[in-house]
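Colleague: Quick one: the structure is below, and I'll ask about it shortly.
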Amino acid sequence: MLHTTVIGVDLAKDAIQVCVVARQQVLSNKEMTPSQFATWLVKTKPSTVVFEACSTSNYWKQKAESLGHDARLISPRLVSAVRQSHKTDKNDALAIVHAAMLPNVKFVHAKTPEQQQLQTVLRLREQTIKQKTAMNNQLLGLLLEFNIRPSPRMGGLKSAVASALEDADNTFTAPLRDALHSAWLLYQAVIRTIEHYDDALTALVERIPECKKLMRLEGVGIINAINLYSAIDLADDHIFKSGKDVAACIGLTPVQHSSGGKTKLGAINKHVRKSTLRSQLVTGAFTYINNVCRRTPRTEKDAWIQALVARRGKKCAAVALANKTVRTAYSILTKGTDYRVKALVA
């Protein structure tokens, strides 16, 4: 339930546009600096403050809530659809208020400080992995220009670079050898950085009991446990009403094409906002399914998986298991229970 006064906030790096609406009237719509806005929040009586979900929105939501406000995040796409006239900061702030007042509007899930820390390290790790892949491909391509072909049986890229640097008979000049050596040292530093990020994630997960509970689920390791913990809203009860809502948000449910009282379910949508999260969950489920199909079922879920694979194949079973994993994770996190596996009765 929104307060009588609704405040729409359009966030930017150096300027924040604040629109105050009460009883369907715009009381003010002015620009502030971040420090001015922080002071203004302290002096303003508790209201509903709606931020457009973007960079810094999690911080400002937490700040507003600590001061007694009902803070929420709203989708930029919805704000864009509601905005009237040209795109300006004033129109955006007013559109945020209009969008928040729509009936049955769905607000965006915000992150807690713990979730932000986990997600920060995870994003750093993902970017570094991309850099590692790019550097590996570049080194392979450059060596191939000199007909140097790394082989896994001969030590791979490391052995190929070392041989090229030590070979006095090739045509490599001293500057080229120095550049290649520097590139190899940088590549090794990137690998060590990924290992540091892995250690940091492990240490963070050890401090969060909920993540350790999630790691007991099938196909869920450290990365997927962090993904689930970050994706599921634990603070606000107006975001996700059930595990089905979380699974639909991630993109693990069929697309609906219903009209005229007829319900028609389509395929799983290829284009979703959380495609990386969905991909990692499905990959983890696929790995677990491969292991289950090679052994005798031990639990009721193992038997269910084998039966589903026999009927629909491994790909469909992986998506179904990921869906079930998300719904189970929602139950674990919201109810504070532990995951228990039912043994298969002979």
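The values are calculated or read from the model by the stated rules, or taken from the named source; none is laboratory data. The structure displayed is predicted, hence computed values, not measured ones. Cβ: placed from backbone, ideal geometry, glycine included. Neighbour counts: every protein chain shown. For the accessible areas, the whole protein counts, side chains as well, though only heavy atoms, and no ligand, DNA or RNA atoms are used. Shrake-Rupley method; radii C 1.70, N 1.55, O 1.52, S 1.80 Å.
Colleague: Measure off 7 Å from each Cα along the Cα-to-Cβ vector at D199 and M32, then give the distance between these two points in nanometres to one decimal.
Modeller: 4.3 nm
Colleague: Same structure, new question: About the Cα centre of segment 1-141, what is the dipole size in debye to 20, counting +1 per Lys and Arg Cβ and -1 per Asp and Glu Cβ, all else neutral? Mind showing how you got there, number by number?
Modeller: On the way: 18 positive and 10 negative charges, 32 e Å.
Approximately 160 debye in magnitude.
Colleague: So what are the ³J(HN,Hα) numbers for segment 312-318, from phi and the Karplus equation (6.51, -1.76, 1.60; θ = phi - 60°), rounded to whole Hz, Gly and Pro as x?
Modeller: 10, x, 6, 5, 5, 5, 5
Colleague: Still on this structure: Run the quick spin-label model on C316 and S66: label points 7 Å from Cα toward the beta carbon, then report their separation in nm to one decimal.
Modeller: Taking the two extended label points, one gets 5.1 nm.
Colleague: Further question on the same structure: Considering only DSSP states other than H, G, I, E and B, which GluC sites (Glu not before Pro) in segment 143-209 qualify as loop sites with at most 15 other Cβ atoms within 10 Å? Please report the intermediate quantities before stating the final value.
Modeller: Numbers: sites: E145, E166, E195, E206; in loops: E145.
Taking segment 143-209 and a limit of 15 other Cβ atoms within 10 Å, the loop GluC sites (Glu not before Pro) found are E145.
Colleague: For segment 215-225, what does the Karplus curve 6.51 cos²θ - 1.76 cosθ + 1.60, with θ = phi - 60°, yield as ³J(HN,Hα) per residue in whole Hz, taken in order and with x for Gly and Pro?
Modeller: 5, 7, 6, 5, x, 10, x, 5, 4, 5, 5
Colleague: Which far-off residues, 5 or more places away or on another chain, put their amide H under 5 Å from the one on V49, with H placed in the peptide plane?
Modeller: I7, D70, A71, R72
Colleague: Sticking with this structure for a sec: Please give the charge dipole size of the chain, origin at the Cα centre, charges +1 on K and R Cβ atoms and -1 on D and E Cβ atoms. Round to the nearest 20 debye.
Modeller: 1580 debye
Colleague: I'd like the chymotrypsin sites (Phe, Trp or Tyr not before Pro) in segment 176-233 restricted to DSSP loop residues with at most 15 other Cβ atoms within 10 Å, sorted by number.
Modeller: Values: sites: W184, Y187, Y197, Y229; in loops: none.
Within segment 176-233, no chymotrypsin sites (Phe, Trp or Tyr not before Pro) qualify (loop, at most 15 other Cβ atoms within 10 Å).
Colleague: Next question, about the same structure. For R153 and Y339 in the same chain, what is the full-extension length gain: residue separation times 0.36 nm, less their Cα-Cα distance, in nm? Walk me through the intermediate numbers first.
Modeller: Numbers: separation 186, 0.36 × 186 = 66.96 nm, distance 4.31 nm.
Answer, rounded to one decimal: 62.7 nm.
Colleague: Here's something else I'd like to know. For N269, what residues show an amide H to amide H distance below 5 Å, using hydrogens built from the backbone and excluding near sequence neighbours?
Modeller: V255
Colleague: Additional query: Relative contact order for the chain: what percent, with Cα pairs under 8 Å and sequence separation of 6 or more?
Modeller: 12 percent
Colleague: Could I ask something else about it? Return the carbon/sulfur percentage of the accessible area of the chain, one whole number, probe 1.4 Å, all protein chains in place. Can you show the working numbers first?
Modeller: On the way: 10610 of 20050 Å².
The computed percentage sits at 53.
Colleague: Then there is this: Can you tell me the relative contact order of segment 1-100? Whole percent, Cα pairs under 8 Å, sequence separation 6 or more. Walk me through the numbers before you get to the answer.
Modeller: Working: 185 pairs, mean separation 30.2, N = 100.
Taking the mean separation of contacting Cα pairs over the length of segment 1-100, I get 30 percent.
Colleague: Amide H to amide H, which residues 5 or more places from A12 or on other chains are under 5 Å from it, using H placed in the peptide plane?
Modeller: HN-HN under 5 Å from A12: Q17.
Colleague: Here is a follow-up. In segment 281-316, which trypsin sites (Lys or Arg not before Pro) are in a loop and have at most 15 other Cβ atoms within 10 Å, using DSSP for the loop call? Before the final figure, lay out each step's value.
Modeller: Details: sites: R294, R295, R298, K301, R311, R312, K314, K315; in loops: R294, R295, R298.
The qualifying sites are R294, R295, R298.
Colleague: Sticking with this one: Just list whichever of K213/K264; K61/K87; K212/K314; K130/K324; K90/K270 have alpha carbons separated by over 32 Å in the model shown. If you can, show how the numbers build up before the last one.
Modeller: Values: K213/K264 36 Å; K61/K87 24 Å; K212/K314 27 Å; K130/K324 30 Å; K90/K270 36 Å.
Pairs exceeding 32 Å: K213/K264; K90/K270.
Colleague: So, one more: Kirkwood hydrodynamic radius of the chain from all distinct Cα pairs, in Å?
Modeller: Details: mean 1/r = 0.0414 Å⁻¹.
Kirkwood radius, the chain: 24.1 Å.
Colleague: Something else: Order S55, S182 by their accessible area, 1.4 angstrom probe, all chains in place, largest first. Don't skip to the end; give the middle numbers.
Modeller: On the way: S55 90, S182 70 Å².
I get S55, S182, largest accessible area first.
Colleague: Give the dimensionless ratio obtained when the Cα radius of gyration of segment 196-315 is divided by 2.2 N^0.38 Å. Before the final figure, lay out the partial values.
Modeller: Values: Rg = 16.8 Å, N = 120, 2.2 N^0.38 = 13.6 Å.
Normalised Cα radius of gyration, segment 196-315: 1.24.
Colleague: Please give the Cα centre distance for segment 1-62 versus segment 310-339, rounded to the nearest Å.
Modeller: Each part reduced to its Cα centre gives a spacing of 38 Å.
Colleague: Another question about this same structure. So what's the back-of-envelope 222 nm ellipticity for the chain, counting only DSSP H runs of four-plus at -39500 (n - 2.57) apiece and dividing by all residues, rounded to 500?
Modeller: Details: 13 runs with 192 residues, N = 346.
Here the helix-only value at 222 nm equals -18000 deg cm²/dmol.
Colleague: Hey, can you find the accessible area per residue of the chain for me, probe 1.4 Å, expressed in square angstrom?
Modeller: On the way: 20050 Å² over 346 residues.
Computed with neighbouring chains in place, this is 58 Å² per residue.
Colleague: With an 8 Å cut-off on Cα pairs and a minimum separation of 6 or more residues, tell me the relative contact order of segment 32-190 in percent.
Modeller: On the way: 115 pairs, mean separation 23.4, N = 159.
Value for segment 32-190: 15 percent.
Colleague: So what are the ³J(HN,Hα) numbers for segment 12-23, from phi and the Karplus equation (6.51, -1.76, 1.60; θ = phi - 60°), rounded to whole Hz, Gly and Pro as x?
Modeller: Working through the residues one at a time gives 9, 5, 10, 9, 10, 8, 10, 10, 10, 10, 9, 6 Hz.
Colleague: Rg over Rh of segment 1-155, using C-alpha atoms and the Kirkwood radius, what does it come to? Write out the running numbers ahead of the final one.
Modeller: Details: Rg = 22.5 Å, Rh = 18.1 Å.
Radius of gyration over Kirkwood radius for segment 1-155 works out to 1.24.
Colleague: Still on this structure: Which number comes out as Rg/Rh for segment 98-142 once both Rg and the Kirkwood Rh are worked out on C-alpha atoms?
Modeller: Values: Rg = 19.2 Å, Rh = 14.0 Å.
On the Cα set of segment 98-142, Rg over Rh gives 1.37.
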